[in-house]
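Got a structure for you, questions after.
The values are calculated or read from the model by the stated rules, or taken from the named source; none is laboratory data. As the structure is a prediction and not an experimental result, all values here were calculated from the model. A quick note on method: Cβ atoms are made from the backbone with ideal geometry, for glycine too, and the neighbour counts reach across all protein chains shown.
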């Protein structure tokens, strides 16, 4: 007890001393090219999000890293819930995780805090052919603060049996055809045509991209909500139409309950989700595996698929990490053509270089995702001010629920605008 | 420490009573005999408690108070910057209409839950006293289950019970003929969300009140009831003239605790609907958390948390006064 | 004492309904934990699981670090409760049996300490612990939990001590005991139920706490069960079966403790609470 007390009292004294040793005492700084074993005994900690690191890829990268550097690689899987706060506090610590996976829409905000290391050199070295649209989110004020890792967009995951039972052959190529198919399943009455909760907000974001709408606009030197734009309203009307085919709760997102689990019961025609969600469904009900199919979310015309939100992740190095060089070694390995390709193949994720896209054909989910990503992909506004808008409770989700419950898009937009503007103007 | 105590007592060399008199201020001749070491004994006994409270509660409170005068966002936190901004956080909070709505809501929420908990608790407690041994044990068991259920487990189960699509409650209501409830969304409106949270809180709080109240009634001397019935008191009369006065201090103390616990409810509101829909079920602790930690506006969160403490102290001021006054009269 | 049939039936009937109402959520937790997934996410609830599965419990036991979390939770809870009991015993004794200057102020301090909104102070606590380089450790957790349960422990114990008749203590001292001896031999044994009741509150609080662990200990080696549980549920809410199995395992120790201590505790609790 006494020792604990002393330790606790010691806290007071350390308050002053620790703060002094900020982020610039990197033990192994310098640009010496490291051979094997020069990092022996060190451990590099990488925070990866849940679902980002498929098992084979993880195993192979870990082995390759160990072989090349002699150091140990430790992946720590993080949950999305509360991740922003977790990263913020972690970056402020004296021993932060060395490498962090950061969502592309959140990257500008972290770059602005000064907590991420400048990777401009690395970009010159290994990133000259990173796909430009995908790299955009990682650049802030002209500097490279992260490396694009992978991208993903939603596809329609459908149950072949349900579709066949409703007498549908083939998959829809236009939005109109898609609705006709859903009508057929509905008429059959055996299954829910599509499972779409009211707050699948990234699907909605895709629809706004498809309509060519922006969620924010600039007013003077400030960003403000653009939800009252008729184009956003048009996207919301589309969402409402899709949602009318579903019995899913209007005020929940796709994770409560996990939509793949609902789909796994075999009584749902389709859902809009990430390719890997099929795996979740198969885990819940292995029998569903042979029924699962994928197709690109169809757009207005067969020529151009529906707009999709290009979700993606960047890998960033913590400015406070004392293993800057080792962290870069990791990035060189993980982002090499070999492992980027392997990741695409295993998870159906879109790689950071267009030259690697051929890996997707091996993965049906990836094959369905790729067409939209190229021509119809977009993101949320890539400005540091954006990240707070997505904090829970996300006002855009409130907007969606309000419209689905009968408010007009204009009314609903008006109701949440103040909150969105408040968040956009939040001081840094 | 114990050595000193002993010495103090020996020096007194008299029953405890004398010592107590001796310690009393203005004790006349006794004061002259007051032993210095003896006088410090209570302080020594209290020292550990006061010390740990000061270090692990007082210090964070002071820190929190300091943060409330700072502009503290992710940038400042990460780079360890201190940016004082005076009363900006407070003035922004106090000027926002949201804050006052949340205060009002917190007060009503607390009042409703405390009243319901106390009423249900008292009734069930009295019922326990009336039941036969076996039934009492059964009901006690049910109460103890609810009481002992860890909060997080409980909130999960409630979410699950009231789920829109696969929840048991909707199924039962539908089966009972209330078909509009088949797909009812309990989290869709402010009122229904509060209803669930209230049910959860009352469910978890009633056992404490009921079981203790029952136990308290068992300590009421039989003679008091007999005397009352000799005076011709009926059931209700003997309740108001014997049971209630006897239980009054207990009820006051329990109400005080319930006000604190319920006002501070955080996990229940936050886990069940995240303070939604549209932030309409945020009470002060949730509001402080969402603004501070959720929106990473840490200085603002600290300001709100301070205001939260002030509101709570104001709410319980009545009891604190009574408790302190009683304290004076005792001993 | 004549009571109508109705008068005899309604208390029992009410008791049964109440029992069902209070126990149902707990039952639902346990039964969900034993159901196969397809019986969980279903349109017609399965009231009594006919297909048992231990799959969910296996998932829990197989979960990474589960036993580490159990160990951490038990350690932190037991140490913090014991610590606060010892400290409170001294303090409560002083506050009930001694008269000194500043007593009311100290009482008020503990009453207000009882109101501390810990959840919203997490950032301040985090910064202090971070700057002391004590993150990812069980020590600060134990200490903070100890203080978290301390005020109520003191206030409750005060009631129990006051309930022990002064005459007992005095007569012991007439028999030649010192005050310390009198305390150990006379008061302490009588405090048994009170200590148990008080420790129950401490156990519940410390066993349940998670906002602080969440922010202080990012390394799973130093996390505790409730945090793990809360993430299980809030992040994905997908695996209800496993979540309920985990909840069940989490609830069982407290349930057992309660049922075991309930009778002893309750008798003491009242005397404590009455005094408030």
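Here is a check on your reading of the model: is residue C:182 buried (at least 21 other Cβ atoms within 10 Å of the Cβ) and under 19 Å from residue B:41 (Cα atoms)?
yes
Shifting gears a bit: For residues that are in a helix (DSSP H, G or I) and surrounded by fewer than 24 Cβ atoms within 10 Å (Cβ to Cβ), scanning just the stretch B:281-298, find the one that is farthest from the other protein chains (Cβ to nearest Cβ).
Keep residues of the stretch B:281-298 that are in a helix (DSSP H, G or I), which gives B:284-294, B:298.
Then drop every residue that is not surrounded by fewer than 24 Cβ atoms within 10 Å (Cβ to Cβ), which leaves B:290, B:294.
Values: B:290: 7, B:294: 5 Å.
The selected residue is B:290.
Still on this structure: In the stretch A:63-117, which residues are farther than 18 Å from residue A:149 by Cα, over 17 Å from the mean Cα position of the chain (by Cα) and assigned to a helix (DSSP H, G or I)?
Result: A:63, A:66, A:67, A:68, A:69, A:88, A:89, A:90, A:91, A:112, A:113.
To continue, here is another question. Test residue B:258 against the criterion of being surrounded by 16 or more Cβ atoms within 10 Å (Cβ to Cβ) and either modelled with pLDDT under 85 or within 30 Å of residue A:257 (Cβ to Cβ) (or both), and give yes or no.
no
Turning to a different aspect of this structure: Would you be able to say whether some residue in the stretch A:30-41 is within 14 Å of chain C (Cβ to nearest Cβ), surrounded by 12 or more Cβ atoms within 10 Å (Cβ to Cβ) and modelled with pLDDT of 80 or more?
There is no residue in the stretch A:30-41 that is within 14 Å of chain C (Cβ to nearest Cβ), surrounded by 12 or more Cβ atoms within 10 Å (Cβ to Cβ) and modelled with pLDDT of 80 or more.
Take the stretch A:247-283 and flag every residue that is assigned to a strand (DSSP E or B) and more than 21 Å from the chain's Cα centre (by Cα).
A:268, A:269, A:270 - these are the residues of the stretch A:247-283 that are assigned to a strand (DSSP E or B) and more than 21 Å from the chain's Cα centre (by Cα).
Surrounded by fewer than 23 Cβ atoms within 10 Å (Cβ to Cβ) and free of Cβ contacts under 8 Å to residues at least 24 places away in the same chain - does that describe any residue in the stretch A:375-397?
Looking for residues that are surrounded by fewer than 23 Cβ atoms within 10 Å (Cβ to Cβ) and free of Cβ contacts under 8 Å to residues at least 24 places away in the same chain, one finds at least one in the stretch A:375-397, hence yes.
Shifting gears a bit: Taking the stretch C:86-112, which residues are at pLDDT 90 or above, under 22 Å from the mean Cα position of the chain (by Cα) and buried (at least 20 other Cβ atoms within 10 Å of the Cβ)?
C:87, C:88, C:89, C:91, C:92, C:110, listed by residue number.
Follow-up question, since we're still on this one. Counting only residues that are closer than 18 Å to residue A:113 by Cβ and touching a strand residue (DSSP E or B) at 6+ places or on another chain (Cβ under 6 Å), how many does the stretch A:129-146 have?
Summing the residues that are closer than 18 Å to residue A:113 by Cβ and touching a strand residue (DSSP E or B) at 6+ places or on another chain (Cβ under 6 Å) in the stretch A:129-146 gives 3.
For the stretch A:181-207, what are the residues that are in a helix (DSSP H, G or I) and within 20 Å of residue A:400 (Cα to Cα)? Reasoning before the result, please.
Pass one, the stretch A:181-207, residues in a helix (DSSP H, G or I): A:181-188, A:201-207.
The answer is A:201, A:202, A:203, A:204, A:205, A:206, A:207.
Also, I was wondering about something else. I'd like to know if the stretch B:83-92 contains one or more residues that are free of Cβ contacts under 8 Å to residues at least 40 places away in the same chain, part of a helix (DSSP H, G or I) and more than 24 Å from the chain's Cα centre (by Cα). Break it down stepwise before answering.
Step one: list which residues in the stretch B:83-92 are free of Cβ contacts under 8 Å to residues at least 40 places away in the same chain, which gives B:83-84, B:86-88, B:91.
Okay, now just the ones that are also part of a helix (DSSP H, G or I), so B:88, B:91.
Now drop any that are not more than 24 Å from the chain's Cα centre (by Cα), which leaves B:88, B:91.
Scanning the stretch B:83-92 turns up at least one residue that is free of Cβ contacts under 8 Å to residues at least 40 places away in the same chain, part of a helix (DSSP H, G or I) and more than 24 Å from the chain's Cα centre (by Cα).
If you don't mind, there's one more thing I want to ask. Applying the selection to the stretch A:148-180, what residues are in a helix (DSSP H, G or I) and touching a strand residue (DSSP E or B) at 6+ places or on another chain (Cβ under 7 Å)?
A:160, A:162, A:163, A:175 - these are the residues of the stretch A:148-180 that are in a helix (DSSP H, G or I) and touching a strand residue (DSSP E or B) at 6+ places or on another chain (Cβ under 7 Å).
Looking at (1) more than 29 Å from residue B:271 (Cβ to Cβ); (2) out of contact with any strand residue (DSSP E or B) (no Cβ under 6 Å at 6 or more places or on another chain); (3) touching a residue at least 24 places away in the same chain (Cβ under 8 Å); (4) outside any loop (DSSP other than H, G, I, E, B), which one does residue A:228 not meet, given that it meets all the others?
(4)
Restrict the check to the stretch B:269-280 and report whether at least one residue is more than 9 Å from chain C (Cβ to nearest Cβ), over 18 Å from the mean Cα position of the chain (by Cα), assigned to a helix (DSSP H, G or I) and crowded, with 16+ Cβ neighbours inside 10 Å.
Scanning the stretch B:269-280, I find at least one residue that is more than 9 Å from chain C (Cβ to nearest Cβ), over 18 Å from the mean Cα position of the chain (by Cα), assigned to a helix (DSSP H, G or I) and crowded, with 16+ Cβ neighbours inside 10 Å, so the answer is yes.
What residue, among those in the stretch B:133-144 that are over 20 Å from the mean Cα position of the chain (by Cα) and under 16 Å from residue C:29 (Cβ atoms), is farthest from the other protein chains (Cβ to nearest Cβ)?
It comes out as B:141.
Based on what the data block shows, is residue A:86 surrounded by fewer than 20 Cβ atoms within 10 Å (Cβ to Cβ) and under 16 Å from residue C:218 (Cβ atoms)? Spell out the reasoning first.
On the way: surrounded by fewer than 20 Cβ atoms within 10 Å (Cβ to Cβ): yes; under 16 Å from residue C:218 (Cβ atoms): yes.
Considered against the rule, which asks whether it is surrounded by fewer than 20 Cβ atoms within 10 Å (Cβ to Cβ) and under 16 Å from residue C:218 (Cβ atoms), residue A:86 comes out as yes.
Every residue, every condition in (1) in the same structural domain as residue B:318 (by TED's automatic domain parsing); (2) over 24 Å from residue C:20 (Cβ atoms); (3) touching a helix residue (DSSP H, G or I) at 6+ places or on another chain (Cβ under 7 Å), yes or no:
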site	(1), (2), (3)
B:172	yes, no, no
B:196	yes, no, yes
B:205	yes, no, yes
B:229	yes, yes, yes
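Might you check whether a residue that is crowded, with 24+ Cβ neighbours inside 10 Å, in the same structural domain as residue C:144 (by TED's automatic domain parsing) and closer than 25 Å to residue B:143 by Cα occurs anywhere in the stretch C:214-224?
For the stretch C:214-224, residues crowded, with 24+ Cβ neighbours inside 10 Å, in the same structural domain as residue C:144 (by TED's automatic domain parsing) and closer than 25 Å to residue B:143 by Cα: absent.
Looking for whichever is more than 15 Å from residue B:308 (Cα to Cα), surrounded by fewer than 21 Cβ atoms within 10 Å (Cβ to Cβ) and at pLDDT 90 or above here; the options are B:46, B:81, B:57, B:94. Which one fits?
The conditions single out B:81.
Have a look at C:24, C:71, C:19 and point out the one that is surrounded by 15 or more Cβ atoms within 10 Å (Cβ to Cβ), out of contact with any helix residue (DSSP H, G or I) (no Cβ under 6 Å at 6 or more places or on another chain) and at pLDDT 90 or above. So that I can check it myself, show each step before the final result.
Working: C:71 fails: surrounded by 15 or more Cβ atoms within 10 Å (Cβ to Cβ); C:19 fails: out of contact with any helix residue (DSSP H, G or I) (no Cβ under 6 Å at 6 or more places or on another chain).
Of C:24, C:71, C:19, the one residue that is surrounded by 15 or more Cβ atoms within 10 Å (Cβ to Cβ), out of contact with any helix residue (DSSP H, G or I) (no Cβ under 6 Å at 6 or more places or on another chain) and at pLDDT 90 or above is C:24.
Looking at the structure I just gave you, is residue B:249 over 25 Å from residue B:97 (Cβ atoms), in a helix (DSSP H, G or I) and at pLDDT 85 or above?
On the way: over 25 Å from residue B:97 (Cβ atoms): yes; in a helix (DSSP H, G or I): yes; at pLDDT 85 or above: no.
For residue B:249, the condition - over 25 Å from residue B:97 (Cβ atoms), in a helix (DSSP H, G or I) and at pLDDT 85 or above - is not met.
Looking only at the stretch C:108-147, how many residues end up being at the interface with another protein chain (Cβ under 8 Å from one of its Cβ atoms) and in a helix (DSSP H, G or I)?
The qualifying residues number 26.
For residues that are without any contact (Cβ under 8 Å) to a residue 40 or more places away in the chain and under 27 Å from the mean Cα position of the chain (by Cα), scanning just the stretch B:171-208, find the one that is nearest to residue B:148 (Cα to Cα).
B:195
Residues of the stretch A:323-343 being in a loop (DSSP other than H, G, I, E, B) and crowded, with 19+ Cβ neighbours inside 10 Å, which ones?
A:323, A:335
So, in the stretch B:218-229, exactly how many residues are part of a helix (DSSP H, G or I) and either more than 9 Å from chain C (Cβ to nearest Cβ) or under 12 Å from residue B:121 (Cα atoms) (or both)?
The qualifying residues number 8.
While we're on this one: Please list, ordered by residue number, the helices (runs of 4 or more DSSP H) wholly in the stretch C:198-276 having 3 or more residues that are at pLDDT below 85 and within 22 Å of residue A:255 (Cβ to Cβ).
Once the helices (runs of 4 or more DSSP H) in the stretch C:198-276 are filtered for at least 3 residues that are at pLDDT below 85 and within 22 Å of residue A:255 (Cβ to Cβ), what remains is C:225-231, C:240-275.
Being under 21 Å from residue A:260 (Cβ atoms), in a helix (DSSP H, G or I) and away from chain B (no Cβ under 11 Å) is the filter here, so list the residues in the stretch C:22-57 that pass it.
Answer for the stretch C:22-57, where residues must be under 21 Å from residue A:260 (Cβ atoms), in a helix (DSSP H, G or I) and away from chain B (no Cβ under 11 Å): C:37, C:38, C:55, C:56.
Take the stretch A:50-60 and flag every residue that is touching a residue at least 40 places away in the same chain (Cβ under 8 Å) and more than 21 Å from the chain's Cα centre (by Cα).
A:60
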